[in-house]
Amino acid sequence: MSGVNEIRSTFLDYFARNGHQVVDSSPLVPRNDPTLMFTNAGMVQFKNVFTGIEKRPYSRAVTSQKCVRAGGKHNDLDNVGYTARHHTFFEMLGNFSFGDYFKEDAIAFAWNLITREFELPVEKLLVTVYHEDDEAFDLWKRIAGLHDSRIIRIATSDNFWQMGDTGPCGPCSEIFYDHGAHIAGGPPGSPDADGDRFIEIWNLVFMQFEQMPGGERLRLPRPSIDTGMGLERISAVLQGTHDNYEIDLMRALTGAVEELTDVPADGSQKASHRIIADHLRAATFLVADGVLPSNEGRGYVLRRIMRRAMRHAQLLGARDPLMYRLVPVLVREMGRAYPEIVRAEQLVSETLRLEETRFRKTLERGLAILETESEGLGAGAKFSGETAFKLYDTFGFPLDLTEDALRARGVGVDVDAFNVAMERQRAEARASWSGSGEAATDAVWFSVREDAGASEFLGYDTEAAEGTV
Ligand code: ATP
Ligand code: MG
Ligand code: MG
Ligand code: MG
């Protein structure tokens with residue numbers, strides 16, 4: 001059985017043998033792209049290469065890219081711990097062609113890798129194509145020998161990729177693995193496709209058009225390829241499980257949580273182990289890339305991730321700060337592939353220890369209030385937005401932490417009332433701020449602060465600039 005580290009290397013070596021330059025992962029904070037909160041796909045570092053603004057000395061590349069999807073268009077935070085296939089931090093394996101090879105080779109490379117190198121059984125695989133993409137349909141038939149019924153035409157934007165409102169775009173094809181009838185979920189395109197039975201492992205994007213401002217779509221003279229495969233998902237397949245959290249790397253982390261808390265990682269509280277393991281990775285890699293917990297922007301997303309994990313540590317009965325004690329385990333598992341976490345180990349540990357020490361001071365009292373105020377609320381009920389705001393303002397509970405805490409009972413939060421309370425507080429702050437005396441400067445200060453989102457971060461939400469496979 002191959003471990004995650006070997007699977008990563010197999011992917012990189014395979015494409016290197018096929019003429020691809022191995023390129024390092026770019027940082028989680030995208031360079032030159034203030035509109036994007038975190039790097040969320042392999043193509044992000046190549047955006048300008050695809051549009052032709054930037055030239056590289058190679059026309060084929062392969063990467064294993066660090067990704068965080070905890071904000072913006074792609075936000076998987078609420079899935080973590082509850083689906084088998086989502087993380088906030090994950091690695092995206094990808095091969096890229098910058099006007100070099102196109103659809104036929106991209107499909108052949110992918111099919112050859114998964115069926116010959118990885119030896120996945122063909123009868124477990126199915127693919128989707130964009131409904132108008134007959135070319136891809138025919139190529140899958142010819143190259144993979146797939147029966148028509150295993151090539152599913154999809155008409156939604158899931159199978160049409162766009163860099164923005166204008167610019168490169170094109171159809172995509174996703175490869176799915178069927179983990180078997182014992183797991184709930186239907187095939188792609190069916191009403192219950194959201195289950196964990198058919199899991200998307202690899203997305204191939206065929207950039208063949210340029211979207212013009214007037215609505216016209218031109219054919220690109222030199223079309224390009226962008227692909228993304230979740231390392232944890234392919235590792236799960238290769239390790240005989242449908243569940244990303246059962247792979248060697250994630251087991252090492254949940255096992256360490258079990259050891260420190262004495263609560264079994266496979267028992268009724270397993271969601272907590274998983275959330276802690278996932279958020280530990282996100283937090284460690286974000287700090288290593290220069291993000292520190294704060295009350296706005298990227299730093300607030302990091303703080304939310306950390307605090308959410310800390311509540312789960314508390315649920316597992318941890319009496320003292322726990323997260324920082326897990327850092328050495330993660331560094332042992334991933335430090336060879338990502339030396340930046342070895343270099344940042346001390347900073348990460350210190351940051352986590354401090355944040356957890358501070359948060360624990362208010363966590364228990366906040367949770368007690370949450371308990372009392374939600375007493376008697378049943379499934380479908382709404383928790384007071386005013387109280388959620390008080391928890392936020394006085395006890396440092398991010399809104400999503402409160403939501404997560406009530407989730408098991410099916411209780412939601414009155415988010416509108418929460419926002420009203422937040423807005424009221426902002427207005428009060430504005431009114432009571434004597435300021436610099438320069439009206440114009442003050443106005444700028446407040447609008448910048450609000451754009452950046454002093455609390456819930458909304459500033460980077462522009463779909464147009466969002467990178468994705
Ligand atoms: P899904 O539909 O399962 O949410 P996606 O279509 O949003 O996945 P893409 O944007 O196509 O994902 O990303 C390329 C690949 O990255 C996916 O095929 C999948 O293997 C992996 N991936 C995407 N999101 C996550 C995540 N949150 N955790 C782990 N792997 C992921
Ligand atoms: Mg998704
Ligand atoms: Mg998808
Ligand atoms: Mg996809």
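The values are calculated or read from the model by the stated rules, or taken from the named source; none is laboratory data. Bear in mind that the values here come from a model prediction, so they are computed numbers and not experimental data. Heads up, the Cβs are rebuilt from the backbone with ideal geometry, glycines too, and the neighbour counts pull from every protein chain shown. Calculation scope for accessible area: heavy atoms of the full protein, side chains included, ligands and nucleic acids excluded. Shrake-Rupley method; radii C 1.70, N 1.55, O 1.52, S 1.80 Å.
Hey, does segment 47-64 have a residue that's open to solvent by 30 Å² or more (accessible area, probe 1.4 Å) and within 15 Å of ligand 2 (Cβ to nearest atom)? Spell out how you get there, then give the answer.
Step one: filter segment 47-64 for residues open to solvent by 30 Å² or more (accessible area, probe 1.4 Å), giving 48, 51-60.
Okay, now just the ones that are also within 15 Å of ligand 2 (Cβ to nearest atom), so none.
There is no residue in segment 47-64 that is open to solvent by 30 Å² or more (accessible area, probe 1.4 Å) and within 15 Å of ligand 2 (Cβ to nearest atom).
May I ask you to list pairs of residues, at least six apart or on different chains, whose Cβ atoms are under 7 Å apart, with the first in segment 7-18 being in a helix (DSSP H, G or I) and the second being of a type in the set (Val, Ile, Thr) and open to solvent by 20 Å² or more (accessible area, probe 1.4 Å)?
What qualifies is 12/22; 16/22.
Within segment 270-277, identify whether any single residue is out of contact with any Gly (no Cβ under 7 Å at 6 or more places or on another chain), in contact (Cβ under 8 Å) with a residue 60 or more places away in the chain and either within 16 Å of ligand 3 (Cβ to nearest atom) or open to solvent by less than 30 Å² (accessible area, probe 1.4 Å) (or both), and answer yes or no. Working first, answer last.
Residues of segment 270-277 that are out of contact with any Gly (no Cβ under 7 Å at 6 or more places or on another chain), as a first pass: 270, 272-273, 276-277.
Checking which are in contact (Cβ under 8 Å) with a residue 60 or more places away in the chain leaves us with 272.
Among the residues that remain, those that are also either within 16 Å of ligand 3 (Cβ to nearest atom) or open to solvent by less than 30 Å² (accessible area, probe 1.4 Å) (or both) are: 272.
Within segment 270-277, one or more residues are out of contact with any Gly (no Cβ under 7 Å at 6 or more places or on another chain), in contact (Cβ under 8 Å) with a residue 60 or more places away in the chain and either within 16 Å of ligand 3 (Cβ to nearest atom) or open to solvent by less than 30 Å² (accessible area, probe 1.4 Å) (or both).
Can you pull out the residues in segment 65-76 that are within 12 Å of ligand 2 (Cβ to nearest atom), touching a Lys or Arg at 6+ places or on another chain (Cβ under 9 Å) and either over 15 Å from residue 278 (Cα atoms) or outside any strand (DSSP E or B) (or both)?
Residue satisfying the conditions is 76 alone.
Here is a list of conditions, (1) outside any helix (DSSP H, G or I); (2) open to solvent by less than 20 Å² (accessible area, probe 1.4 Å); (3) under 30 Å from residue 5 (Cβ atoms); (4) of a type outside the set (Lys, Arg), and residue 337 meets all of them except one; can you say which number that is?
(2)
Go through segment 355-434 and tell me which helices (runs of 4 or more DSSP H), entirely inside it, have 3 or more residues that are modelled with pLDDT of 95 or more, of a type in the set (A, V, I, L, M) and surrounded by fewer than 20 Cβ atoms within 10 Å (Cβ to Cβ). Explain how you work it out, then say what you get.
Working: elements: 385-395, 399-407, 415-432.
Ranges flagged: 415-432.
Which of the numbered conditions does residue 267 fail, given that it passes all the others? Conditions: (1) open to solvent by 10 Å² or more (accessible area, probe 1.4 Å); (2) farther than 20 Å from residue 83 by Cα.
(2)
Would you mind stating whether residue 205 is within 16 Å of ligand 2 (Cβ to nearest atom) and open to solvent by less than 20 Å² (accessible area, probe 1.4 Å)? If you could, list the steps in order and put the result at the bottom.
Working: within 16 Å of ligand 2 (Cβ to nearest atom): yes; open to solvent by less than 20 Å² (accessible area, probe 1.4 Å): yes.
In short, yes.
Could we say that residue 92 is modelled with pLDDT of 95 or more and either in contact with a helix residue (DSSP H, G or I) (Cβ under 7 Å, 6 or more places away or on another chain) or within 16 Å of ligand 3 (Cβ to nearest atom) (or both) here? Full working, then the answer.
Working: modelled with pLDDT of 95 or more: yes; either in contact with a helix residue (DSSP H, G or I) (Cβ under 7 Å, 6 or more places away or on another chain) or within 16 Å of ligand 3 (Cβ to nearest atom) (or both): yes.
The answer is yes for residue 92.
Out of (1) within 16 Å of ligand 3 (Cβ to nearest atom); (2) assigned to a strand (DSSP E or B), what's the single condition that is false for residue 219?
(1)
Do the conditions hold for residue 256, that is, is it in a helix (DSSP H, G or I) and surrounded by 22 or more Cβ atoms within 10 Å (Cβ to Cβ)? I'd like the intermediate steps shown before the answer.
Values: in a helix (DSSP H, G or I): yes; surrounded by 22 or more Cβ atoms within 10 Å (Cβ to Cβ): yes.
In short, yes.
Give the residue that is surrounded by the fewest Cβ atoms within 10 Å (Cβ to Cβ), with candidates limited to residues of segment 15-46 that are among the hydroxyl-bearing types (Ser, Thr, Tyr) and touching a Phe, Trp or Tyr at 6+ places or on another chain (Cβ under 8 Å).
Let us first name the residues in segment 15-46 that are among the hydroxyl-bearing types (Ser, Thr, Tyr), namely 25-26, 35, 39.
Now drop any that are not touching a Phe, Trp or Tyr at 6+ places or on another chain (Cβ under 8 Å), which leaves 25, 35.
Values: 25: 20, 35: 16.
By that ranking, first place goes to 35.
Among 18, 32, 48, which is out of contact with any His (no Cβ under 6 Å at 6 or more places or on another chain) and farther than 20 Å from residue 67 by Cα?
Values: 32 fails: farther than 20 Å from residue 67 by Cα; 48 fails: farther than 20 Å from residue 67 by Cα.
On inspection, the qualifying residue turns out to be 18.
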